[in-house]
């Protein structure tokens, strides 16, 4: 069995990029986010540095199947390999969830999350309108300044805007799930259902005071986490259970867009 030497996999470039995002996110949220980003920045920089210096890290990868020697072309030019032809390294079929899965998952997750939020409103304030009005308070000044008694009352503007905010956010998160799940082939559902809601809760906690002060002042984080988990477990389950489809994402943009591309011969 033959082996080839390849650069060893490393998470440090991804962690380095995340640290930069956190550094700038702290500018518009809270300094604690920038502090976390700074610590991660230094850790990722050192880890990445040690990955390539003083010697590059490599690993031996087993080569399966028949190994052939590269063809030698005794000419002064390189023979062009057609896009899609066997052996063309650009051609890679990847599997992903269709956008319809994101739509279904977003709707199911939105219903599950809304059910938990309304249950919280009934148990804590005796009104299902309480959490809806709190959500809409991010864009309606009257609700942001309303008393607890007023938040318990039905508000048409609160219902419409709260539903719009909740529905739009759920569909966008569903789309994000559908796009990212293929990156996590093992345990994708648990990542979607448990890990992602916890990370989203942490991000919400950092920016809630800036985005929705009324909700931040009255939020019950136990119920908030429960509602996030309800979305992740229901919406993530629907998306993860949807049969994936094949795409040719690495083909040139012109080919995928159906534009005539002289010099590119596509034979699949």
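Since every read-out is calculated from the coordinates, none of them should be taken as a lab result. The structure presented is a predicted model; accordingly, all values stated were derived computationally and were not measured. Neighbour counts are summed over all protein chains in view; Cβ atoms, including those assigned to glycine, are modelled from backbone coordinates with ideal geometry.
So how do 201-207, 226-232, 132-138, 150-156 stack up, highest first, on mean other-Cβ count within 10 Å?
132-138, 226-232, 201-207, 150-156
Mind giving me the nanometre distance, one decimal, between the label points for residue 245 and residue 153, set 7 Å out from Cα along Cα→Cβ?
Label-label distance for residue 245 and residue 153, simple model: 4.9 nm.
For 130, 32, what ranking results if the residue with the fewest other Cβ atoms within 10 Å of its Cβ goes first? Intermediate results must be reported in sequence, preceding the final value.
Numbers: 130 22, 32 12.
Least crowded to most crowded, the residues run 32, 130.
Mind giving me the nanometre distance, one decimal, between the label points for residue 16 and residue 160, set 7 Å out from Cα along Cα→Cβ?
The two pseudo-label positions are separated by 5.1 nm.
Please give the length that would be gained between residue 219 and residue 43 if that part of the chain were fully extended, namely 0.36 nm times their separation in residues minus their C-alpha to C-alpha distance (nm, one decimal).
On the way: separation 176, 0.36 × 176 = 63.36 nm, distance 3.38 nm.
Between residue 219 and residue 43, full extension yields 60.0 nm more.
Rounded to whole Å and sorted largest first, list the principal axis extents of the Cα atoms in region 99-246.
Here the spans come out as 52, 26, 26 Å, largest first.
From the alpha carbon gyration tensor of region 3-68, can you work out the equivalent ellipsoid semi-axes (sqrt of 5 times each eigenvalue) and give them in Å, largest to smallest?
The equivalent ellipsoid of region 3-68 has semi-axes of 36, 13, 6 Å.
Mind giving me the FRET efficiency for residue 199 and residue 6? R0 is 22 Å, r the Cβ-Cβ distance, nearest 0.05 is fine. If you can, show how the numbers build up before the last one.
Details: r = 31 Å, r/R0 = 1.39.
Calculated transfer efficiency: 0.10.
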